Amino acid sequence: MIGLAPLAHAAPPTALPANASPNAVKWQPAFDYDKDGCYPTPAIGRDGTVAPGLKTSGAVNGNCRDRSDLDNTNSYVRSKCDNGWCAYVYALYFEKDQASFLGGGHRHDIEHVVVWVWKDQARYVSVSAHGKYTTRPSSQVAWSGTHARIVYHKGVTHSFRFAAADERPENHYGAWQYPTLVDWDGLPRQIRRTLANANFGDATLGIKDSRFRGELAKAKPARVRFDPSL
């Protein structure tokens, strides 16, 4: 039965199995997570349970940075191609975005990375911070093969940033992470419907139908001839 999990520090939902195209896997970012923040968890489980999130209290990484989280997590992807360009939008869900030990921020966080590909070459990468994007040409991005290195970090609150060229991962495994990747269009219909209708408060899932075109428009580099509305 589909519904919400209990709110008292419930374990994250069980991750969905991998289901993504070879190209989506090829361009999936290599992620790390600074120590002053959470690890990503599934936004929805195999049984349709939506992640309840965590209250913004205690440590900024309290109850959301366990080694086991790295073994049970999903990244979500949706892609669109136009005029020779393909945009791959990746989304990660986090249980809270807490500003300090005094609180602040909000339950739930969702951040996005967009990889802009032209003729099978990544040309730009865009990373989100509270609904806005910063874009760099691929030559100014650190890579692990075809995977842009991206870090979830804390400024005032949490967002994505580009990794430094010599940056070492801070997660429990000390290695760049590739959460189990699930394509939006490959989700079971009821799971997709539930996830699209889930209330994540101040966090927004940019790959759902009602937000996808707008997300692409916000992230699109000025020089890219790509129409998000088509």
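The values are calculated or read from the model by the stated rules, or taken from the named source; none is laboratory data. All figures in this text were calculated on a predicted structure; none of them were measured in a lab. When we count neighbours, we look across all protein chains shown, and the Cβ atoms used for this are built from the backbone with ideal geometry, even at glycine.
Worth pointing out:
- Hits in region 1-42 - residues which are touching a strand residue (DSSP E or B) at 6+ places or on another chain (Cβ under 6 Å), modelled with pLDDT under 95, assigned to a loop (DSSP other than H, G, I, E, B) and more than 18 Å from V113 (Cβ to Cβ): D36
- Restricted to region 172-186, and to residues there that are under 16 Å from the mean Cα position of the chain (by Cα) and in a loop (DSSP other than H, G, I, E, B), the residue that is farthest from A142 (Cα to Cα) is P179.
- Lone unmet requirement of (1) assigned to a strand (DSSP E or B); (2) without any contact (Cβ under 8 Å) to a residue 12 or more places away in the chain; (3) among the hydroxyl-bearing types (S, T, Y) for S139: (1)
- Note on region 144-171: residues that are in a strand (DSSP E or B) and surrounded by fewer than 13 Cβ atoms within 10 Å (Cβ to Cβ) amount to 0.
- Across region 126-136, the number of residues qualifying as in a strand (DSSP E or B) and either of a type in the set (K, R) or on the phi > 0 side of the Ramachandran plot (or both) comes to 2.
- Restricting attention to region 167-200, the residues being at pLDDT 95 or above and in contact with a strand residue (DSSP E or B) (Cβ under 8 Å, 6 or more places away or on another chain) number 20.
- Here is the figure for region 178-195: residues that are over 14 Å from V25 (Cβ atoms) and surrounded by 16 or more Cβ atoms within 10 Å (Cβ to Cβ) total 6.
- Qualifying residue in region 157-167 (condition: under 18 Å from P42 (Cα atoms) and β-branched (V, I, T)): no
- Only a single item in (1) closer than 15 Å to A91 by Cα; (2) out of contact with any Lys or Arg (no Cβ under 6 Å at 6 or more places or on another chain); (3) assigned to a helix (DSSP H, G or I) is not met by A196, and it is number (2).
- Any hit, region 86-104, residues being β-branched (V, I, T), assigned to a strand (DSSP E or B), crowded, with 19+ Cβ neighbours inside 10 Å and out of contact with any Cys (no Cβ under 7 Å at 6 or more places or on another chain): yes
- Every condition in (1) small (G, A, S); (2) in contact (Cβ under 8 Å) with a residue 12 or more places away in the chain; (3) more than 21 Å from F160 (Cα to Cα) holds for A11 except the one numbered (2).
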